[in-house]
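Scroll down for the structure; my scribbles are underneath it.
Where a number appears in this text, it was derived from the coordinates with a stated rule and is not lab data. Being a predicted model, the structure only gives us computed values, none of them experimental. Ideal geometry is used to build each Cβ from the backbone, glycine not excepted, and the neighbour counts take in all protein chains shown.
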Amino acid sequence: MVVGGTAVAYHGYFRWSVDSTGLASDKFDLDFWYNPTYGNYFNLLNALQELGQEVERFKEEITPDPKNSFFRFELENFTIDFLPYLKGLNSFRKAFANRDCVTLQDVEISFLSLDDLIADKSAQSRPKDIEDIKELKKRNSK
């Protein structure tokens, strides 16, 4: 499920990705939250391997820990992160049931719902998250 800045943009507020110092990044950042079951963990590793990423060391772990397995891949034009949990949400299943979906070229893409996105941003409370919440509420007020 798409989360983070791309989900913020989906819900109406585009901003450039920022690095850990708060400065605008020259790369886009795409964050996915995955349900960290063992099956999904190995499905994710297989998909990443098919895309040319080196994941063999994770596949060979004696005691894999999907619930704590964060993956980041630096590609030419963007960074992609796979997150096993979000700070502000404790149930992937509930969030998935509340998700928003978009279909592009016959592919369904799931985005974190606005309410869940705001809950996650509130829990993180970084300056960019506080700004995101303010802008999302302004653009999505009813």
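When the charge dipole of the chain is built from unit charges on Cβ atoms (+1 for Lys and Arg, -1 for Asp and Glu) and taken about the Cα centre, the candidate among ALA123, TRP16, ASN35 whose Cα reaches farthest toward its positive end is ALA123. The angle between the Cα long axis of helix 38-50 and the longest principal axis of the Cα atoms of the chain comes to about 80 degrees, rounded to the nearest 10.
Between SER122 and ASP106, residue separation times 0.36 nm minus the direct Cα-Cα distance comes to 2.4 nm.
P(r) tail for the chain, what percent of Cα pairs lie past 22 Å?
Values: 4217 of 10011 pairs.
When every Cα pair of the chain is considered, 42 percent fall beyond 22 Å.
Other residues within the sphere of radius under 15 Å centred on the Cβ of ALA47, judged by their own Cβ, net out at -3 (K and R +1, D and E -1).
Across region 60-77, the residues whose backbone nitrogen lies under 13 Å from the label position 7 Å along the beta-carbon direction of PHE32 are 71-73. For LYS94, the lysines whose Cα comes closer than 19 Å to its Cα, not counting residues fewer than 8 places off in the same chain, are LYS67, LYS121.
What net charge is computed for the residues neighbouring ASN98, neighbours being all others with C-beta under 13 Å from the C-beta of ASN98, Lys and Arg scored +1, Asp and Glu -1? Intermediate values should be presented prior to the final figure.
Values: positive: ARG93, LYS94, ARG99; negative: ASP100, ASP115, ASP116, ASP120.
Counting the neighbours of ASN98, the net charge comes to -1.
Under a GNM of the chain (C-alpha, springs under 10 Å), which listed residue has the highest mean-square fluctuation: ARG57, ARG72, ARG15? Maximum fluctuation in the GNM of the chain, among the listed residues, is at ARG57.
Taking a straight line from the alpha carbon of LYS128, these lysines sit under 22 Å away, with near neighbours fewer than eight places off in the same chain left out: LYS27, LYS87, LYS137, LYS138. Charges were assigned to the Cβ only: +1 to each Lys and Arg, -1 to each Asp and Glu. The resulting dipole of the chain about its Cα centre is roughly 800 debye. Counting charges near TRP16 (Lys, Arg +1; Asp, Glu -1) among other residues having Cβ under 14 Å from its Cβ returns a value of -3. Once the Cα atoms are used to define both axes, helix 127-139 deviates from the longest principal axis of the chain by about 60 degrees. Seen against the Cα atoms of the chain and their longest principal axis, helix 114-124 is set at about 80 degrees. By DSSP, the beta bridges lying fully in the chain are antiparallel in about 65 percent of cases.
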